[in-house]
Amino acid sequence: MKRIYLDHAATTPTHPEVARAMLPYLGDVFGNPSAIYCYGQEARSALEQARAQVAGLIGARSEEIIFTSGGTEADNLALIGVAYAHKNRGNHIITTAIEHHAIIETAKFLEKRGFEVTYLGVDGQGLVDPDDVRRAITDRTILISVMQANNEIGTIQPLAEIGGIAREAGICFHSDAVQAVGHIPVDVAELGVDLLSMSAHKFYGPKGVGALYLRKGTRLEALMYGGGQERNRRSGTENTPGIIGLGRAVELARQEMAQEAGQLTRLRDRLIQDTLQRISHSRLNGHPKKRLPNNVNISFDFVEGESLVLNLDLKGICASTGSACSSSSLEPSHVLLALGLPRPQAHGSLRFTLGKWTTEPDIDRVLEVLPPIVARLRAMSPLLKNRS
Ligand SMILES: *Cc1c(COP(=O)(O)O)cnc(C)c1O
């Protein structure tokens, strides 16, 4: 059976050119980038080229890029690192109720350590109101963290406006841009961010590598101590193959992003419109326009998202109920609840995230397979029987 992968927000396939670019660094070019002889220097120069590539994609300078083990570490380093470096100034952090767990759980950790966190709500389409950010600021606020694009519903936040507010108040501004980098334009100057997280495996790079942008002059405490790599911000021998893969993924994104976004937006809108049309009692979650080009998130009344995912899997279609990290728990998504969805509807949601190699026939196949699955599940549903 042909497999159709529609869970690119969870992870993307590694681009063959990325894998090819990494191979020498898993083989002959094995030196420690800190070593001064030839093997080390070859690795170092490739590493610094990747750093320049990453910086170039987001309008940063090379020395503002810290390589990490991925998006989660970049988010932890940003929040904990800024919190501890600024704790003499205050203990208040502002974030949102719809962040990825890498932010939410880190914020909870900081709460246990004496920091206070405000989790801003969002409107019915998942947008943060910049005025809410302004109102939440106190003279103890040391950090604002708002994600650029949501991993579950795809909503893209008005970051530049929030960045302006943070700048005016002299407060550090971080964004988890893991879902945005490589997919939509990200420019640190335009967005007004001081820190920004990215992860390679969300845009056709390898897993286990990412980066944190840290604006020059922004104070940050390290999480890892040791050999002083990454300008003392992140000790540990660099993941050379991974970082080279990240650099290559960045280059490919530069070349392909605009064209890909156009193509995905067309496929996305077709999948949304036709699904809503063919299946009654279904509705789109997230913003219809301010939305990642590849994200489709739809709630179906009277069915469970898990049952939909399992039934689609039997047909070779890989989709998700929300974030991969929470799919093993029975709690409905915190993001959908923050939108104001009642629990049954939050439970009945399905996410398709399209990618570079998604085709029109893939979408046809979903539209052919999904309506009968929903109809069959509804026919058996106690949720439906108890309705009257
Ligand atoms: C995937 C993801 C992360 C975590 O990145 P990893 O590299 O998997 O650790 C963080 N934030 C968002 C929005 C994500 O989608």
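The values are calculated or read from the model by the stated rules, or taken from the named source; none is laboratory data. Not measured: the values here are computed from a predicted model. Because the Cβ atoms are built from the backbone with ideal geometry, glycine has one as well, and the counts that use them run over all protein chains shown. For the accessible areas, the whole protein counts, side chains as well, though only heavy atoms, and no ligand, DNA or RNA atoms are used. Shrake-Rupley method; radii C 1.70, N 1.55, O 1.52, S 1.80 Å.
How much net charge surrounds I153 when only other residues with a Cβ under 15 Å from its Cβ are counted (Lys, Arg +1; Asp, Glu -1)? Value of the local net charge: +1.
Each residue of the range 242-257 is assigned a 3J(HN,Hα), and the resulting list reads x, 5, 5, x, 4, x, 5, 4, 5, 4, 5, 4, 4, 6, 10, 4 Hz, derived from the Karplus form 6.51 cos²θ - 1.76 cosθ + 1.60 (θ = phi - 60°), x at Gly and Pro. Multiplying the residue separation of E63 and L223 by 0.36 nm and subtracting their alpha-carbon distance yields 55.8 nm. Packing order of peptides 249-261, 342-354, highest average first: 342-354, 249-261 (average count of other Cβ atoms within 10 Å over each peptide's residues).
Put simply, the amide H of G210, placed in the peptide plane, has neighbours under 5 Å in T68, S69, G70, A200, leaving out anything fewer than 5 places away on its chain. Charges were assigned to the Cβ only: +1 to each Lys and Arg, -1 to each Asp and Glu. The resulting dipole of the range 81-184 about its Cα centre is roughly 500 debye. One equal scatterer on each Cα of the chain, no solvent, Debye formula: the resulting log10 I(q)/I(0) at q = 0.08 Å⁻¹ is -0.43. Among the protein heavy atoms, those of C172 account for about 20 Å² of accessible surface (1.4 Å probe, every chain in place).
Ranking Y225, Y119 by solvent-accessible area of protein heavy atoms (1.4 Å probe, all protein chains present), from largest to smallest, gives Y225, Y119. Compared with the alpha-carbon gap, the fully stretched path from N232 to L337 is longer by 33.8 nm at 0.36 nm per residue. Phi angles of the range 109-125 translate, via the Karplus equation with coefficients 6.51, -1.76, 1.60 and θ = phi - 60°, into HN-Hα couplings of 4, 5, 4, 5, 9, x, 8, 10, 10, 9, 9, 5, x, 10, 7, x, 10 Hz per residue; Gly and Pro are given as x. Annotated for the chain: lysine pairs at least 8 residues apart or interchain, Cα distance under 24 Å, count 13. Among G71, G31, G245, the largest mean-square fluctuation in a Gaussian network model of the chain, built with springs joining Cα atoms closer than 10 Å, belongs to G31.
Annotation for the range 150-228: GluC sites (Glu not before Pro) lying in DSSP loop with at most 16 further Cβ atoms inside 10 Å of their Cβ are E221.
Counting only protein heavy atoms and a 1.4 Å probe, tell me what percentage of the chain's accessible area is made up of carbon and sulfur. The computed percentage sits at 53.
For T155, the amide hydrogen comes within under 5 Å of the amide hydrogens of N150, H287, L292, counting only partners 5 or more places away or on other chains and with H modelled in the peptide plane.
Placing unit charges on the Cβ atoms only, positive for Lys and Arg and negative for Asp and Glu, gives the range 16-252 a dipole magnitude near 640 debye about its Cα centre.
In the range 179-282, inverting the average of 1/r over every pair of distinct C-alpha atoms gives 16.4 Å as the Kirkwood radius.
Over all Cα atoms in the range 241-383, the spread is summed up by Rg and Dmax: 16.2, 52 Å. On a per residue basis, the chain carries 42 Å² of accessible surface, using protein heavy atoms and a 1.4 Å probe. Converting the Cα gyration tensor eigenvalues of the range 1-124 into ellipsoid dimensions via √(5λ) gives semi-axes, longest first, of 35, 24, 13 Å. Looking at the chain, the DSSP beta bridges with both ends there are about 55 percent antiparallel. Restricting the calculation to Cα atoms, the range 176-239 shows an Rg/Rh of 0.99 when the hydrodynamic-style radius is the Kirkwood one. Spatially, the range 337-388 and the range 1-48 are offset by 37 Å when compared through their Cα centroids. If R0 equals 25 Å, the separation of the Cβ atoms of K289 and D313 corresponds to a calculated FRET efficiency of about 0.25. Extension gain for the segment R140 to Y39, taken as residue separation times 0.36 nm less the Cα-Cα distance, is 31.5 nm to one decimal. Among Q157, Q263, Q273, the residue with the largest mean-square fluctuation in a Gaussian network model of the chain, with springs joining Cα atoms closer than 10 Å, is Q273.
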